[in-house]
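Down below is the structure, laid out as structure tokens.
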Amino acid sequence: MTKNKRKKYRDKRNWKEYNQKLVKRGEFYINPQFLETWNKETKQMNAGKVGQPYFYPKSEIEFLAVLHAKNFDYRALEGIIQSISNNHRYQFPVISYSQICRRINTLKVDFECVKENLLVAIDGSGEKVSNRGEWMRQKWKVRRGWIKVVIMGTTDGKIVDIRVGNENLDERKVARGMIRKNHKKIDKTIMDGLHDCRDTFNLCEKYGIETAIKIRKNASKKAKGSPRRKKEVIEYKKLGHDEWSKEKEYGLRWPASEGIFSSDKRIFGESVRATKKRNMYKEVRMKFWAYNKLLEIVDS
């Protein structure tokens, strides 16, 4: 009996280019560009504002939000700003840790993508509510739950849209919501077998979006209200999974979704430190927003 011989993995990365990208990460984390635009930015922020004016520009809060995603606590962030102020040729007001906390938790971040004709993948994953969650669950039988994250990503690793909620978040319903919101930009979407349902196929048919959704093994060839799904089931069973996967480019799901989750958790961690539910969700969104910003700098 002959053993299956797997091809030896060959790392084809350009290591010189990859190393340079890792160096650029450091430039991204500690790059206080907000000092150059402080006065101009605060002037724009306070134009027509009623009440107490803003003293600290949004770019400074974004700078601190990225460091907070890298697990710096709010008091440490105040210390970083104090150190920059002490060593800068022009001293500027130092924001307190309580203001940092308030401004970061009210900071509006977006994942808007200006590109069109996108090939995207939609997938979900979980974030721990704390580092001690697993130990508590095993030792004391305390169920702390977890946070579910659903993203829509492109094949070059950029996040187009995101939803964050508790473990009961309906991933299929959320996916359809993201497709409705971004359908004008999407040419094709790739999803795993969880999304093999009539509603999702019908929605993609409505917007003329090509689909690469893995079909369940026991899928019926009857339409049952979705001719598009019937067509996809017949094609899948005719070709077989391997041939269908090549035909549909199903392998691109990895860099467009699972690869994003893997990279984000390695860089920013997979647990949150906030204790209030809304701040937990905000912290998770901030991590993925920071990951998107990081890619913009590294790939530039």
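Relative to the Cα centre, what is the charge dipole magnitude of segment 15-105, using +1 at the beta carbon of each Lys and Arg, -1 at the beta carbon of each Asp and Glu, and rounding to the nearest 20 debye?
Its charge dipole is roughly 120 debye.
For the chain, what proportion of DSSP beta bridges, expressed in % and rounded to the nearest 5, is antiparallel?
65 percent
Calculate, in nm to one decimal, what L194 and N168 gain on full extension: separation in residues at 0.36 nm each, minus their alpha carbon distance. Walk me through the numbers before you get to the answer.
Working: separation 26, 0.36 × 26 = 9.36 nm, distance 1.46 nm.
Gain on extension, L194 to N168, equals 7.9 nm.
Choose one of T189, S263, W146: the residue whose Cα lies farthest towards the positive end of the charge dipole of segment 118-298 (beta-carbon charges +1 Lys, Arg; -1 Asp, Glu; about the Cα centre).
So the residue we want is W146.
Once each part is reduced to its C-alpha centroid, what is the distance from segment 196-210 to segment 261-300 in angstrom?
Segment 196-210 and segment 261-300 have Cα centres separated by 30 Å.
Using mean Cβ contacts within 10 Å as the protection proxy, how do 237-249, 44-56 order, highest first?
237-249, 44-56
Long-range amide H contacts for W146: which residues qualify at under 5 Å (H placed 1.01 Å from N, peptide plane, sequence gap of 5 or more or a different chain)?
HN-HN under 5 Å from W146: E167.
Packing-wise, with mean Cβ within 10 Å as the measure, how do 155-165, 276-286, 16-26 rank, highest first?
Values: 155-165: 19.3, 276-286: 17.5, 16-26: 10.5.
Put in order of decreasing packing, that is 155-165, 276-286, 16-26.
Sequence neighbours fewer than 8 away in the same chain don't count; with that in mind, list the aspartates and glutamates whose C-alpha is under 14 Å from K115.
Candidates past the 8-residue exclusion: D156, D161, D187, E296.
Run the numbers for V50 and S263: contour at 0.36 nm per residue of separation, minus the present Cα-Cα distance, in nm.
My answer for the length gained is 72.5 nm.
How many percent of Cα pairs in segment 15-105 exceed 21 Å?
37 percent
If the cut-off is a Cα-Cα distance under 24 Å, which lysines reach K43, setting aside same-chain residues fewer than 8 apart in sequence?
Once the sequence-local lysines are set aside, what remains near K43 is K58, K108.
For n ≥ 4 DSSP H runs only, could you compute -39500 (n - 2.57) per run for the chain, divide by its residues and tell me the 222 nm figure to the nearest 500?
Mean residue ellipticity at 222 nm (helix-derived): -15000 deg cm²/dmol.
Hey, what do the phi angles of segment 266-275 turn into as Karplus ³J(HN,Hα) couplings, whole Hz, using 6.51/-1.76/1.60 and θ = phi - 60°, x for Gly and Pro?
Once θ is set to phi - 60°, the couplings for segment 266-275 become 5, 7, 10, x, 10, 9, 10, 10, 5, 10 Hz.
Only Lys, Arg, Asp and Glu count, each charged at its Cβ (+1, +1, -1, -1), so figure out the dipole size of segment 150-270 about its Cα centre, rounded to 20 debye. Before the final figure, lay out each step's value.
Values: 29 positive and 20 negative charges, 145 e Å.
The dipole of segment 150-270 has a size of about 700 debye.
Pairs K173/K265; K128/K293; K214/K237: which exceed 20 Å Cα-Cα?
Distance filter (> 20 Å) returns K173/K265; K128/K293.
Tell me the label-point distance for the pair N31, N105, using the 7 Å Cα-to-Cβ offset, in nm and rounded to one decimal.
Going from the N31 label point to the N105 one covers 3.0 nm.
Only Lys, Arg, Asp and Glu count, each charged at its Cβ (+1, +1, -1, -1), so figure out the dipole size of the chain about its Cα centre, rounded to 20 debye. Walk me through the numbers on the way to the answer.
On the way: 68 positive and 38 negative charges, 280 e Å.
Dipole magnitude for the chain comes out near 1340 debye.
If Lys and Arg each add +1 and Asp and Glu each add -1, what is the summed charge of the other residues whose beta carbon sits under 15 Å from the beta carbon of N117?
Working: positive: K115, K158, K184, K185, K188; negative: E116, D156, D187, E210, E249.
In short, 0.
Since every read-out is calculated from the coordinates, none of them should be taken as a lab result. Since the structure is predicted, the reported quantities are computational estimates derived from the model, not experimental observations. Glycine gets a Cβ as well: all are built from the backbone with ideal geometry, and neighbour counts include every protein chain shown.
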